[in-house]
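As structure tokens, the structure follows; a few thoughts come after it.
The values are calculated or read from the model by the stated rules, or taken from the named source; none is laboratory data. This structure is a prediction, so every number in the text was calculated from the model and none was measured. Neighbour counts are summed over all protein chains in view; Cβ atoms, including those assigned to glycine, are modelled from backbone coordinates with ideal geometry.
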Amino acid sequence: MKLPLKGLTVLEFSQYMAGPYAGLRLADLGARVIKIERPKYGDACRQLVTKNMKAGGDSVLFHTVNRNKESFQANLKDPQDLALVKKLILQADVITHNFRPGIMDRLGLDYETVKTLNPKLIYAEVSGYGTQGPWRDKPGQDLLAQAMSGLTWLSGNSGDDPIPFGAAVADMVCGSNLAQAILACLIRKRKTGKGAKIEVNLITSILDFQFEGLTAYINNPELKPRRSSIANAHAYLGAPYGIYSTQNGYLAIAMGSLSTLARLIDCNALADFDQDNLYFSKRDEAKALIAEVIAKNTSQHWLDILEPAGYWCSDVYDYHSLTQSSGYKALDMEMTITRGEDVNLRTTRCPIRLNAERIFSERAAPVLGSANVHITKEFGL
């Protein structure tokens, strides 16, 4: 497959997750992504180990977000190494970084300086909270951004403490925004020949992620998020929206007519809530009725009733049941990445399909500095 970004060169000064996630997607689509890493330690994500899982001396997390990239080791505080990096910048299309505000300025790699070297460059930076305002120097970390954004008051039931999203959602959304902005500026560059400076940050990305609830609240402060006490799945949606216990597991039920659901599960009292907005204002009472009935039989029993009737519902899988399911296998979401004999790791592929073809890449994340020799020669450094 001829990938659409083939021939594009990206220098990735970013580490951890948000910036490298954007780089991962660009690499999946054919870009050449060269990580600029500090000597000895490299990207700090190399040692950010989850579940004590490592491969080839690097964390599995590092491999998942840095596959299909190259590594160029350079000490940006050393004048000779900095000069080499500036020669690379001359020949690059895009650079990304997530240093704290002011650090690239001190290194002499701020946008105003760099664009004199390469006026057509797309210069993309990630921060935690932007470059202005009282939060600018706070650490840009996913959990902290979630905590400050209001997101933690959307999950769980009404009596629960604030609950963070159980994945690095601020990083992922921010990285996606960064990739979109880069692609938009590359299109403009092709039309006009102009470079651009891009700024994204965790906090505005995770605020935008909540545009539905925030818009409701901004326009009417009385509409603050209110979690239901039973089967909460969305602070702004009424019954039946939620996850319910069955005899042998759980059942997810999305939005739908309560009158229809009442008939399907043989719970006449439920139909009374399908009027005068009671499905929201009295959603705890409605959900309590649903929960009582659903608990009396198995997940498959209810699926066999609700799915043929077109009522939106689903089994609730854990990772084991998910990966063993025929539906998951049909998606062909897994691939093996390798690096010599020391890395052989199963991970997920790029979720994008191009011309009906799935995108796979087998190169694991690079050894620190492994590209120094051939990049130095290829780019004439």
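For the reader, a short list of remarks on this structure follows.
- Single residue of the stretch 99-126 satisfying the filter (under 23 Å from the mean Cα position of the chain (by Cα) and modelled with pLDDT of 95 or more) that is farthest from residue 380 (Cα to Cα): 126
- Residues in the stretch 132-187 that are small (Gly, Ala, Ser), part of a helix (DSSP H, G or I) and within 17 Å of the chain's Cα centre (by Cα): 145, 147, 149, 170, 175, 176, 179, 181.
- Residue satisfying condition, being of a type in the set (Gly, Ala, Ser), at pLDDT 95 or above, surrounded by 17 or more Cβ atoms within 10 Å (Cβ to Cβ) and part of a loop (DSSP other than H, G, I, E, B), within set 235, 239: 239
- Unique match (being surrounded by fewer than 20 Cβ atoms within 10 Å (Cβ to Cβ), touching a residue at least 12 places away in the same chain (Cβ under 8 Å) and either in contact with a Cys (Cβ under 7 Å, 6 or more places away or on another chain) or acidic (Asp, Glu) (or both)) among 142, 137, 161: 137
- Residue within the stretch 217-236 that is in contact with a Pro (Cβ under 7 Å, 6 or more places away or on another chain) and closer than 24 Å to residue 300 by Cβ present: no
- Count of residues meeting criterion [among the hydroxyl-bearing types (Ser, Thr, Tyr) and in contact (Cβ under 8 Å) with a residue 60 or more places away in the chain] in the stretch 274-311: 0
Every residue, every condition in (1) in contact with a helix residue (DSSP H, G or I) (Cβ under 6 Å, 6 or more places away or on another chain); (2) at pLDDT 95 or above; (3) polar (S, T, N, Q); (4) not in a loop (DSSP other than H, G, I, E, B), yes or no:
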position: 247; (1), (2), (3), (4): no, yes, yes, no
position: 252; (1), (2), (3), (4): no, yes, no, yes
position: 259; (1), (2), (3), (4): yes, yes, yes, yes
position: 266; (1), (2), (3), (4): no, yes, no, no
position: 270; (1), (2), (3), (4): yes, yes, no, yes
position: 276; (1), (2), (3), (4): no, no, no, no
position: 280; (1), (2), (3), (4): no, no, no, yes
position: 287; (1), (2), (3), (4): no, yes, no, yes
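- Single residue of the stretch 85-112 satisfying the filter (aliphatic (A, V, I, L, M) and out of contact with any strand residue (DSSP E or B) (no Cβ under 9 Å at 6 or more places or on another chain)) that is surrounded by the most Cβ atoms within 10 Å (Cβ to Cβ): 107
- Filter result for residue 19 (within 19 Å of residue 337 (Cα to Cα), within 19 Å of the chain's Cα centre (by Cα), part of a helix (DSSP H, G or I) and at pLDDT 95 or above): no
- Pairs are defined by a Cβ separation below 9 Å, a sequence spacing of at least 6 or placement on different chains, a first member in the stretch 105-124 that is among the β-branched types (Val, Ile, Thr), and a second member that is exposed (fewer than 14 other Cβ atoms within 10 Å of the Cβ); the pairs so defined are 113/105; 114/108.
- Filtering 272, 315, 304 for residues that are among the charged types (D, E, K, R) and surrounded by fewer than 16 Cβ atoms within 10 Å (Cβ to Cβ) leaves a single hit, 304.
- Options 18, 31: the member that is in contact (Cβ under 8 Å) with a residue 12 or more places away in the chain, within 16 Å of residue 122 (Cβ to Cβ) and buried (at least 21 other Cβ atoms within 10 Å of the Cβ): 31
- The single condition among (1) closer than 13 Å to residue 239 by Cα; (2) touching a Gly at 6+ places or on another chain (Cβ under 7 Å) that residue 311 does not meet is (1).
- Here the condition is being in the same structural domain as residue 290 (by TED's automatic domain parsing), touching a residue at least 60 places away in the same chain (Cβ under 8 Å) and surrounded by 20 or more Cβ atoms within 10 Å (Cβ to Cβ); of 251, 202, 261, it holds for 251 alone.
- Of all residues in the stretch 65-84, those being of a type outside the set (D, E, K, R), surrounded by fewer than 21 Cβ atoms within 10 Å (Cβ to Cβ) and assigned to a helix (DSSP H, G or I) number 5.
- Of all residues in the stretch 291-313, one or more are aliphatic (A, V, I, L, M) and closer than 20 Å to residue 226 by Cα.
- Being farther than 30 Å from residue 357 by Cα, under 23 Å from the mean Cα position of the chain (by Cα) and among the hydrophobic types (A, V, I, L, M, F, W, C) is a description that applies to residue 13.
- The stretch 145-158, subset closer than 20 Å to residue 284 by Cβ and touching a Pro at 6+ places or on another chain (Cβ under 7 Å), residue surrounded by the most Cβ atoms within 10 Å (Cβ to Cβ): 154
- Restricting attention to the stretch 323-353, the residues that are without any contact (Cβ under 8 Å) to a residue 24 or more places away in the chain, surrounded by fewer than 12 Cβ atoms within 10 Å (Cβ to Cβ) and either farther than 30 Å from residue 240 by Cα or of a type outside the set (S, T, N, Q) (or both) total 7.
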